[in-house]
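Undergrad: Take a look at the following structure, please.
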Amino acid sequence: QVQLVESGGGLVQPGGSLRLSCAASGSFYSINAVEWYRQVSGNERDLVAAISKSGSANYADSVKGRFTISRDNTKNTVYLQMNSLKPEDTAVYYCKAGVRRDWTINEYDYWGQGTQVTVSS
């Protein structure tokens with residue numbers, strides 16, 4: 001069984017920073033691409049950033065230049081460094097990982113439980 005646990009959310013003032021973590025645990029062969037999404041109540045989840053297994057990153061236009069996604073494969077953890085935060089960044093942030101459970105090429109998506117980020121003065 002695979003679990004993803006997000007942490008690092010909280011309340012921050014506009015212009016501040018937070019670093020989110022997404023840690024994978026359990027039994028698996030490897031973790032492929034990992035994505036961060038965010039969701040405002042009543043809306044769909046929007047893709048914020050993604051990182052491949054090799055470390056190639058992509059970002060939504062709304063966060064380019066402010067957010068940085070990275071990963072530490074030795075710790076099975078992906079990070080989202082969020083700088084210059086704005087009130088419109090307020091949302092629940094979720095990570096999603098593509099996980100290979102064994103040596104076969106089959107990949108399964110797992111989601112974390114979400115962490116609240118609130119940007120407010």
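Undergrad: Report, ordered by chain and residue number, the lysines lying within cross-link reach of residue 75, taken as a straight Cα distance under 28 Å and ignoring same-chain residues fewer than 8 apart.
TA: 53, 64, 96
Undergrad: Let me ask something additional. Could the peptides 43-56, 101-114, 24-37 be put in order, highest first, of the mean number of other beta-carbon atoms found within 10 Å of their residues?
TA: Result, highest mean Cβ count within 10 Å first: 24-37, 43-56, 101-114.
Undergrad: Can you pull the one-decimal nm distance between simple spin-label points at residue 108 and residue 5, each 7 Å off the Cα toward Cβ?
TA: Label-label distance for residue 108 and residue 5, simple model: 2.0 nm.
Undergrad: Still on this structure, please answer the following. Averaged across orientations, what area in nm² does the convex hull of the alpha carbons in the range 67-121 project?
TA: With the hull built on Cα positions only, its mean projection is 4.9 nm².
Undergrad: Residue 62 to residue 17: FRET efficiency via 1/(1 + (r/R0)^6), r the Cβ-Cβ distance, R0 22 Å, to the nearest 0.05?
TA: Result of the calculation: an efficiency of 0.85.
Undergrad: Another one. How compact is the range 1-95 by the rule of thumb for globular proteins, expressed as Cα Rg over 2.2 N^0.38 Å?
TA: For the range 1-95, the normalised Cα radius of gyration comes out at 1.06.
Undergrad: If you don't mind, there's one more thing I want to ask. Quote the Stokes-Einstein diffusion coefficient, in whole µm² s⁻¹, for the range 16-58, based on the Kirkwood radius over alpha carbon pairs, a temperature of 10 °C and a viscosity of 1.306 mPa s.
TA: Translational diffusion coefficient: 127 µm²/s.
Undergrad: Determine the order of 86, 96, 64 by accessible area, beginning with the largest, at a probe radius of 1.4 Å.
TA: Heavy-atom accessible area, descending, gives 64, 86, 96.
Undergrad: Got a sec to turn the phi values of the range 55-61 into Karplus ³J(HN,Hα) couplings, 6.51 cos²θ - 1.76 cosθ + 1.60 with θ = phi - 60°, whole Hz, x for Gly and Pro?
TA: Residue by residue, the range 55-61 yields x, 6, 10, 9, 9, 5, 4 Hz.
The values are calculated or read from the model by the stated rules, or taken from the named source; none is laboratory data. A quick note: this is a predicted structure, and the numbers were derived from the prediction, not measured. Counting neighbours? That spans all protein chains shown, and the Cβs are built from the backbone with ideal geometry, glycine included. Areas reflect the complete protein model, heavy atoms only, side chains present, ligands, DNA and RNA absent. Shrake-Rupley method; radii C 1.70, N 1.55, O 1.52, S 1.80 Å.
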